[in-house]
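The values are calculated or read from the model by the stated rules, or taken from the named source; none is laboratory data. Please read these numbers as outputs of a predicted model, since none were measured by experiment. For neighbour counting, all protein chains shown are included, and Cβ atoms are generated from backbone atoms with ideal geometry for every residue, glycine included. The area values use the complete protein model at the heavy-atom level, side chains included, leaving out ligands, DNA and RNA. Shrake-Rupley method; radii C 1.70, N 1.55, O 1.52, S 1.80 Å.
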Amino acid sequence: MLIAGGGIGGLAAALACVRAGWRARVFESAPAFAEVGAGLQLGPNATRILHRWDLGPALAELAAFPERLEVRSAASGRTLGRLRLGADTWRRYGAPYATLHRADLHGLLHAAVQAQGETALHLGSRIGALRQRADVVALAVRRDEQPQATEVEGDALLGADGLWSGVRAQLLPGDPPPRVTGQFAYRALLRQPALPAALRSSQVTVWLGTGLHAVQYPVRGGEWLNFVVLVEESEPGAATDPRGWDLDAPPEGPRAALQGACAPLRALCEAVPHWRRWRLCDRPPVAAPETLAAGRVALIGDAAHPMLPYLAQGAGMAIEDAAEIGHVLAMDAVDVPLRLRRYALQRWQRVARVQARSTRNARVFHASGALRWGRDAAMAVLGERLLDMPWLYAGQ
Ligand SMILES: Cc1cc2nc3c(=O)[nH]c(=O)nc-3n(C[C@H](O)[C@H](O)[C@H](O)COP(=O)(O)OP(=O)(O)OC[C@H]3O[C@@H](n4cnc5c(N)ncnc54)[C@H](O)[C@@H]3O)c2cc1C
């Protein structure tokens, strides 16, 4: 199996391929794996797969396992709803709700891939043109130190090369580029022992405001607090390349956004030493299985179905994709293109639903007026029944 991209999706897919009895070759353009990203939440739909892959103990060492999720008004600080996590999530779904640093999840998958010993991981290797033939797929790869691309061949290719996927561009010619949503994430990590006691937290808190929301949760066993402020912002330099997504940011942006917020939220914002700003892009929900696979090529993760992070499921869906790839690859008696077709058929409606819900959450989370009133009233009446999502957390 050739895999383009060594992010969460690419490494999870390498693990799944090897578990299905295949050998994997991963081509990653970055010369080294860096500590990119910030916090991630992983619902039990994703952690269940990591447990099945015997990664539960490693996850337990790196992640935090919050006892509850609390939704609060950003303006007044009032609690709008609560969802029990911790042991309750275990009981309901047979796996934990975890919060962790993206680099820790990536490192965990990387260590597992290396321990398996059946994956060749090529860093500094940028993929180019792909060609499908009846019995093989050929991929041009240019290594950093080489002026010329070389061609590699495999039985199949997975495009796990993220939002701006080159594999997708070739698989789906004429496909428009990702949507630039006009939403931004200001992200920060804070060392909890250095924070005043009132600002430390071991739970997930989601603060809902007009045109914005903020999320905080512990990572690295609770030693650090991940804090992200998600805003709708008009951008003065809108013509800048949307690929410049992860940039240093002055504190004025989040400060201005949280001007009218309650004191604890503003205090947390003031405690941030360093912000990074991410431009959020997505694509409309997948509309047909043909988007996910054709012939010997399949797309997974953000290459297949990028979404706003408002359901906290981008990495979770990449892990689910990888697990499904593992299932279909294990079907020895079936042609490879048929196996990938089956992957697409199994996955497209679920990922489309998650994409659509993520977009809808932007409207609901950032609502004002009657919609906000209705949202808050529904949360007060329905409580956990509204915040829990069995369709999502119980798996496909
Ligand atoms: C603010 C924010 C918060 C988020 N929160 C959550 C959350 O709480 N929970 C959750 O599950 N998800 C969350 N996500 C989403 C999650 O981070 C992504 O969905 C996930 O990381 C996608 O993984 P991927 O492997 O598909 O893509 P990527 O992580 O983008 O990996 C793609 C890889 O391909 C490589 N690549 C690209 N082009 C080439 C090429 N030509 N040749 C070779 N290699 C190439 C890249 O270098 C990269 O390593 C969040 C995202 C954001 C922005």
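Split the accessible area of the range 92-133 by element, probe 1.4 Å, and carbon with sulfur accounts for 49%. The P(r) of the range 41-132 has a tail past 20 Å containing 52 percent of all C-alpha pairs. Taking a sphere under 14 Å around the Cβ of Gly81 and counting the other residues whose Cβ falls inside, with K and R at +1 and D and E at -1, yields a net charge of +4.
Its residue count N sets the reference 2.2 N^0.38 Å, and the alpha-carbon radius of gyration of the range 22-66 equals 1.46 times that reference. FRET efficiency for the pair Asp248 and Glu67, taken as 1/(1 + (r/R0)^6) with r the Cβ-Cβ distance and R0 = 35 Å, rounds to 0.55.
Solvent-accessible surface of the range 1-56, averaged per residue with a 1.4 angstrom probe and all protein chains in place: 31 square angstrom. For the chain, the share of alpha carbon pairs falling in successive 10 Å distance bins from zero is 5, 23, 33, 25, 11, 3, 0 percent. In terms of Cα atoms, the Rg and Dmax of the range 280-396 work out to 16.8, 57 Å.
Rounded to the nearest percent, how much of the accessible area of the range 1-81 (1.4 Å probe, protein heavy atoms only) is carbon and sulfur? On the range 1-81, the fraction of accessible area on carbon and sulfur atoms equals 50 percent.
Rolling a 1.4 Å probe over the protein heavy atoms gives the range 76-123 an accessible area of 42 Å² per residue.
Just how many % of Cα pairs in the range 134-267 lie over 22 Å apart, if you round to the nearest whole percent? Distances greater than 22 Å cover 59 percent of the Cα pairs. Computed from the C-alpha gyration tensor, the three semi-axes of the ellipsoid equivalent to the range 145-187 are 28, 16, 11 Å, from longest to shortest. If one takes the longest principal axis of the Cα atoms in the chain, at what angle in degrees, from 0 to 90 and to the nearest 10, does the Cα axis of helix 314-329 lie? Around 30 degrees separate the two axes.
The residues of the range 272-396 have, on average, 40 Å² of accessible surface per residue, using a 1.4 Å probe with all protein chains present. Taking every DSSP bridge with both residues inside the chain, close to 75 percent are antiparallel.
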